[in-house]
Amino acid sequence: MAEATMGAVMDELAALEDPKMREANLKRGDDHGVNLSALRAVAKRLKTQHELARELWATDDTAARLLSLLICRPKAFEQQELDAMLRQARAPKVHDWLVNYVVKKSPHAEELRVGWTDDPDQVVASAGWALTTERVAKKPEGLDLPGLLDTIEAEMKDAPDRLQWAMNHTLAQIGIEHADHRARAIGIGERLEVLKDYPTPPNCTSPFAPSWINEMVSRREA
């Protein structure tokens, strides 16, 4: 039954493949051509099926892995398993969904955050910073915010793109959530100028940390 279900799901994913969407996704490093709304509809029908999720992950197919992350049971993964999965997740969308939909809900999130943040693999380190951003916003007790700002100030400017983006998000979140560190966070952003010229559509918030901080703080005060 599991094998038949697996085969049927893979056939359904193959039928949803759109060459034009694959071409567009490839520009962002995501090697799949499945519409994410259609993928979510499949996940909604399947509901939670953790063993099927494991099988889908093992295919090394990006669309299958995205579906896996939608139907798995996040708290059922062991710490070592999540670590291995992150190191296997090279497509940006798989990486993002794994961190946001699974690891953040895991009882092992804090241990993984600490271990990943200083990992020599820059993609793994970016996941650590993403988890740090989550803690800055929701559970900052025990975090060394000045120390985080020190690291960001020293390393963000020359960090690879994905790690730089994650560190920048932490910088902005510190400035947004913690008024006593806001001036320093804005100052670091202004000096480093990371993402200052990032193209931002109208009515969207710039990822440039000083602009991002000021915009979010203004909204809250309005």
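Name every residue in region 202-222 that is surrounded by fewer than 14 Cβ atoms within 10 Å (Cβ to Cβ) and hydrophobic (A, V, I, L, M, F, W, C), in order of residue number. The answer is CYS204, ALA222. Identify, by number, the condition in (1) at pLDDT 95 or above; (2) surrounded by fewer than 12 Cβ atoms within 10 Å (Cβ to Cβ) that PRO199 doesn't meet. Of everything listed in (1) at pLDDT 95 or above; (2) surrounded by fewer than 12 Cβ atoms within 10 Å (Cβ to Cβ), PRO199 misses just condition (1). The residue that is most open to solvent (accessible area, probe 1.4 Å), counting only those in region 175-196 that are over 23 Å from the mean Cα position of the chain (by Cα) and not hydrophobic (A, V, I, L, M, F, W, C), is ARG191. Listed by position, the helices (runs of 4 or more DSSP H) enclosed by region 1-83 that each have at least 1 residues that are open to solvent by 60 Å² or more (accessible area, probe 1.4 Å) are 2-16, 19-26, 36-46, 50-58.
Got a sec? Which of LEU86, LEU131, LEU66, LEU70 is touching a residue at least 40 places away in the same chain (Cβ under 8 Å) and under 17 Å from the mean Cα position of the chain (by Cα)?
On the way: LEU131 fails: touching a residue at least 40 places away in the same chain (Cβ under 8 Å); LEU66 fails: touching a residue at least 40 places away in the same chain (Cβ under 8 Å); LEU70 fails: touching a residue at least 40 places away in the same chain (Cβ under 8 Å).
Just one listed residue meets the conditions, LEU86.
Number of residues in region 152-174 that are open to solvent by less than 20 Å² (accessible area, probe 1.4 Å) and either modelled with pLDDT under 95 or out of contact with any His (no Cβ under 7 Å at 6 or more places or on another chain) (or both): the value is 10.
If you go through region 103-120 and keep only what is within 20 Å of LEU69 (Cβ to Cβ), out of contact with any Pro (no Cβ under 8 Å at 6 or more places or on another chain) and open to solvent by less than 50 Å² (accessible area, probe 1.4 Å), you end up with HIS108, ALA109, LEU112, ARG113, TRP116. Scanning region 141-177 for residues that are touching a helix residue (DSSP H, G or I) at 6+ places or on another chain (Cβ under 7 Å) and either part of a loop (DSSP other than H, G, I, E, B) or on the phi > 0 side of the Ramachandran plot (or both) returns LEU143, MET156, LYS157, ALA159, PRO160.
For region 62-105, give me each residue that is over 16 Å from SER126 (Cα atoms) and hydrophobic (A, V, I, L, M, F, W, C). Hits for region 62-105 are ALA63, ALA64, LEU66, LEU67, LEU69, LEU70, ILE71, CYS72, ALA76, PHE77. Does SER126 satisfy being closer than 20 Å to ASP96 by Cα and assigned to a helix (DSSP H, G or I)? Criteria met by SER126.
The values are calculated or read from the model by the stated rules, or taken from the named source; none is laboratory data. As the structure is a prediction and not an experimental result, all values here were calculated from the model. Don't worry about glycine lacking a Cβ; one is built from the backbone with ideal geometry, like all the others, and counts go over all protein chains shown. These area figures cover heavy atoms from the full protein model, side chains too; ligands, DNA and RNA do not enter into them. Shrake-Rupley method; radii C 1.70, N 1.55, O 1.52, S 1.80 Å.
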